[in-house]
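Reading through the structure tokens given below for one structure.
The values are calculated or read from the model by the stated rules, or taken from the named source; none is laboratory data. The structure presented is a predicted model; accordingly, all values stated were derived computationally and were not measured. Heads up, the Cβs are rebuilt from the backbone with ideal geometry, glycines too, and the neighbour counts pull from every protein chain shown. Just the protein is used for accessible areas: all its heavy atoms, side chains included, with ligands, DNA and RNA removed. Shrake-Rupley method; radii C 1.70, N 1.55, O 1.52, S 1.80 Å.
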Amino acid sequence: MNLLVIFLQVLLTIPLFCILEYFNKKNISTIQKILIPVIYIVILSGLCSEIKSNIYLVVIFEVILHNFYTNNIINKDILVNKKDYFINSLISIILSIGIYDYYISKVDYIFPLASEFRSLLWFLIIIFIYNLFKSNIVKNENTKKSNFIERKREYVVVMYAKLKNKYYKLVKSKDSIINRLIYSIMVYENYKTPGFCRKINVIKNRFIRKECKYGIMQVESTSEIDDEKSIKLSITKLEKDYTKLDKKLKEIDILKALLSDKYSKKEEVNDIIDVYNEIKEFENR
């Protein structure tokens, strides 16, 4: 196996990584997560036999890429069940090696031929892919209950602690509701658009030359804004809006009123309020 084959396999790791990231967001089953890489290398081997030598390395490369991306790019390693991920990855790698040793490396043609066992294997692959897409396409996104806080409680607390330690000198409004809400938006927006992604967006926005979202608070602006500036602008706006509200309102109604101008979707408002309540509960412990 030459260096060119290894290089191509490394490149082909990226589509597999994107496919797994897409379906992970769809909450697919553990079996599907394990089998997707195996099916991927079988398809690759059929499409291009020149790269099928030790094609199982693509699965190993994807595990390495996933860990690097999660730990160093988006900093969401705390959201990963490391034990489950390790077991699933190990099983997927073992299956990939097995498929390679007992099937891919033994035949000249991967795609099915009549009267061969490969026909059955490809039939199963087609059925699997059909069910995979069917189970995700038929979902009605409008009726899907938001589960942001349910899956990310620990993330909220840890990120709140980190962000408060970093920006406590900036977030010092006279009202605790404003301070808590600023951190809630910060945690939520940082989860949706991590620091690395924000930097990429800044570069992209330089070519767009129109109002875009900047900073950790994702403030809309026609000029570039860093994280600290976005926090200052958000505090100023929230304090101004807060003075216009009836202080007799319930806390949740105040939060909804303050968030409604920035967030048009009810799900987003509810997610941020969930983060707010989680932070409040943590502060009161």
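Checking the structure you have, find out if any residue of the stretch 11-27 is under 16 Å from Tyr103 (Cβ atoms) and part of a helix (DSSP H, G or I).
The answer is no; no qualifying residue exists.
How many of the residues in the stretch 78-108 are within 18 Å of the chain's Cα centre (by Cα), among the hydrophobic types (A, V, I, L, M, F, W, C) and outside any helix (DSSP H, G or I)?
Within the stretch 78-108, residues that are within 18 Å of the chain's Cα centre (by Cα), among the hydrophobic types (A, V, I, L, M, F, W, C) and outside any helix (DSSP H, G or I) number 1.
How many residues are part of a helix (DSSP H, G or I) and closer than 23 Å to Asn71 by Cβ if we restrict to the stretch 178-200?
Residues in the stretch 178-200 being part of a helix (DSSP H, G or I) and closer than 23 Å to Asn71 by Cβ: 13 in total.
Taking Ile273 and the conditions (1) open to solvent by less than 80 Å² (accessible area, probe 1.4 Å); (2) farther than 19 Å from Ser173 by Cβ, which numbered condition does it fall short on, given that it satisfies the others?
Result: Ile273 fails condition (2) only.
I need the full set of residues from the stretch 74-92 which are touching a helix residue (DSSP H, G or I) at 6+ places or on another chain (Cβ under 6 Å) and either modelled with pLDDT of 80 or more or open to solvent by 70 Å² or more (accessible area, probe 1.4 Å) (or both), in order please.
Asn88, Ser89, Ile91, Ser92 - these are the residues of the stretch 74-92 that are touching a helix residue (DSSP H, G or I) at 6+ places or on another chain (Cβ under 6 Å) and either modelled with pLDDT of 80 or more or open to solvent by 70 Å² or more (accessible area, probe 1.4 Å) (or both).
Restricting to the stretch 41-64, give me the number of residues that are within 30 Å of Gly195 (Cβ to Cβ) and buried (at least 17 other Cβ atoms within 10 Å of the Cβ).
Here the count works out to 6.
Tell me, please, whether a residue that is within 23 Å of Lys152 (Cβ to Cβ), at pLDDT 85 or above and not hydrophobic (A, V, I, L, M, F, W, C) can be found in the stretch 239-246.
Applying the first criterion (within 23 Å of Lys152 (Cβ to Cβ)) to the stretch 239-246 yields none.
Looking through the stretch 239-246, none of the residues is within 23 Å of Lys152 (Cβ to Cβ), at pLDDT 85 or above and not hydrophobic (A, V, I, L, M, F, W, C).
Does any residue in the stretch 202-221 that is over 25 Å from Tyr183 (Cα atoms) come within less than 6 Å, Cβ to Cβ, of a residue that is crowded, with 19+ Cβ neighbours inside 10 Å six or more places away or on a different chain, and which pairs are these?
As it stands, the answer is Asn205/Cys212, since those pairs meet every condition given.
Sort through Thr13, Thr30 and tell me the only one that's of a type in the set (Ser, Thr, Tyr) and under 17 Å from Ile87 (Cα atoms).
Just one listed residue meets the conditions, Thr30.
Exactly one condition in (1) surrounded by fewer than 16 Cβ atoms within 10 Å (Cβ to Cβ); (2) under 30 Å from Ile78 (Cβ atoms); (3) modelled with pLDDT of 70 or more is false for Lys174; which is it?
Only one criterion in (1) surrounded by fewer than 16 Cβ atoms within 10 Å (Cβ to Cβ); (2) under 30 Å from Ile78 (Cβ atoms); (3) modelled with pLDDT of 70 or more is unmet by Lys174, namely (2).
Anything in the stretch 242-269 that is under 27 Å from Asn165 (Cβ atoms) and of a type outside the set (Val, Ile, Thr)? List them, or say none.
Tyr242, Glu251, Leu255, Leu258, Leu259, Lys262, Tyr263, Glu268
Which residues, taken from the stretch 28-60, are of a type in the set (Val, Ile, Thr) and in a loop (DSSP other than H, G, I, E, B)?
Across the stretch 28-60, the qualifying residues are Ile28, Ile55.
When the residues of the stretch 230-259 are narrowed to those that are out of contact with any helix residue (DSSP H, G or I) (no Cβ under 7 Å at 6 or more places or on another chain) and small (Gly, Ala, Ser), which ends up surrounded by the fewest Cβ atoms within 10 Å (Cβ to Cβ)?
Among residues in the stretch 230-259 that are out of contact with any helix residue (DSSP H, G or I) (no Cβ under 7 Å at 6 or more places or on another chain) and small (Gly, Ala, Ser), the one surrounded by the fewest Cβ atoms within 10 Å (Cβ to Cβ) is Ala257.
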